[in-house]
Amino acid sequence: MPSASASAGKIRRGYPGPVLPLPPGDFRAYLFDCDGTIVDSMPVHHLAWRAALGEWGCDLPEDLFYAWGGRPVADIVVDLNARHGLAMPVDVVARRREDAYQTFLPQLTAVPGVLAHIERAHRRVPFAVVSGSTRESVTASLSALDLLDRFDVLVCAEDYARAKPDPECYLLAARLLDVPPEHCLVFEDTDLGVAAATAAGMASVRVPPPWQR
């Protein structure tokens with residue numbers, strides 16, 4: 001069986017997939033969310049959540065998991081505690097979830113319609129990843145798909161204070177790339193992410209969920 005990076009390399013070069021349509025504009029940088037946008041990782045993250053929560057007999061149904069897409073891990077744990085009358089420690093659950101996710105990395109694939117734009121525009125415009133996940137998680141996901149070297153800047157959960165839909169993370173990425181917000185194009189898969197891009201004054205491309213591709 002080929003390694004995860006070898007398989008991803010084959011997917012990345014051999015099957016970029018159908019291209020998502022882009023809005024008109026003079027775009028000088030592409031900014032990508034990671035989970036569910038570059039990496040088809042949402043089903044894997046759901047598995048990791050269920051593995052982490054099982055220690056406390058707590059469940060996160062699939063429909064609720066997707067409805068809460070883009071929310072910080074800590075907020076999800078707090079809301080689950082309130083819903084189920086539990087007292088799960090946020091830091092412990094977050095660590096359990098991250099550890100479980102790492103074990104599922106070989107299952108990851110790229111989102112084809114986004115991968116096509118990465119392949120076509122690489123070296124033509126600078127790229128940033130703007131994610132609500134930790135740098136550890138983002139780096140592991142992109143490395144598993146042999147895509148980490150495509151990105152000039154990573155903006156991860158540790159790098160900003162206010163989560164999406166606040167525009168802070170996207171404005172930070174634009175500053176780091178030295179590109180005005182109005183010339184940045186954002187790729188996002190959640191309502192919170194699209195709202196953050198809009199609040200930052202950036203155009204966006206909505207990436208459909210797995211069941212609509």
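Read-outs: derived from the displayed coordinates by stated rules, not from any lab. It should be emphasised that the depicted structure is a prediction, and the values quoted were computed from it without experimental measurement. Cβ sites come from the backbone with ideal geometry, for glycine too, and all protein chains shown count toward neighbours.
In a simple Cβ point-charge model (Lys, Arg +1; Asp, Glu -1; nothing else charged), segment 43-105 has a dipole of about 60 debye relative to its Cα centre. Taking all Cα pairs closer than 8 Å and separated by 6 or more residues, the relative contact order of the chain comes to 31 percent.
Using DSSP, restrict attention to beta bridges with both residues in the chain and report what percent are antiparallel, rounded to the nearest 5. Don't jump to the answer; show the numbers that get you there.
Working: 1 of 17 bridges.
Here the share of antiparallel DSSP bridges comes out near 5 percent.
With Rg/Rh (Cα atoms, Kirkwood Rh) as the read-out, I listed (i) 1.20; (ii) 0.96; (iii) 1.01; which label goes with the value calculated from this structure? For Rg/Rh (Cα atoms, Kirkwood Rh), the calculated option is (ii).
Computed from the Cβ-Cβ distance with R0 of 35 Å, the FRET efficiency linking ARG83 to ARG124 stands at 0.15.
Please report the antiparallel percentage of DSSP beta bridges with both residues in segment 112-213, rounded to the nearest 5. Before the final figure, lay out the partial values.
Details: 0 of 8 bridges.
So the antiparallel bridges in segment 112-213 amount to around 0 percent.
Classified by the C-alpha gyration tensor, segment 43-105 has an oblate form. Its axis ratio a/c, with a ≥ b ≥ c, is 1.5 or above, and a/b does not exceed b/c.
Using the Cβ of ASP59 as centre and a radius below 15 Å, the other residues enclosed give a net charge of 0, where K and R count +1 and D and E count -1.
Based solely on its DSSP helices, what 222 nm [θ] is calculated for the chain when runs of n ≥ 4 H residues each add -39,500 (n - 2.57) and the sum is averaged over all residues, nearest 500 deg cm²/dmol? Please report the intermediate quantities before stating the final value.
On the way: 9 runs with 94 residues, N = 213.
It lands at -13000 deg cm²/dmol.
Could you tell me the relative contact order of segment 43-105? Use alpha-carbon pairs under 8 Å, at least six residues apart, and round to a whole percent. Relative contact order comes out at 48 percent.
Positive contributions from Lys and Arg (+1) and negative ones from Asp and Glu (-1), summed over other residues with Cβ under 14 Å from the Cβ of ARG175, come out at -4.
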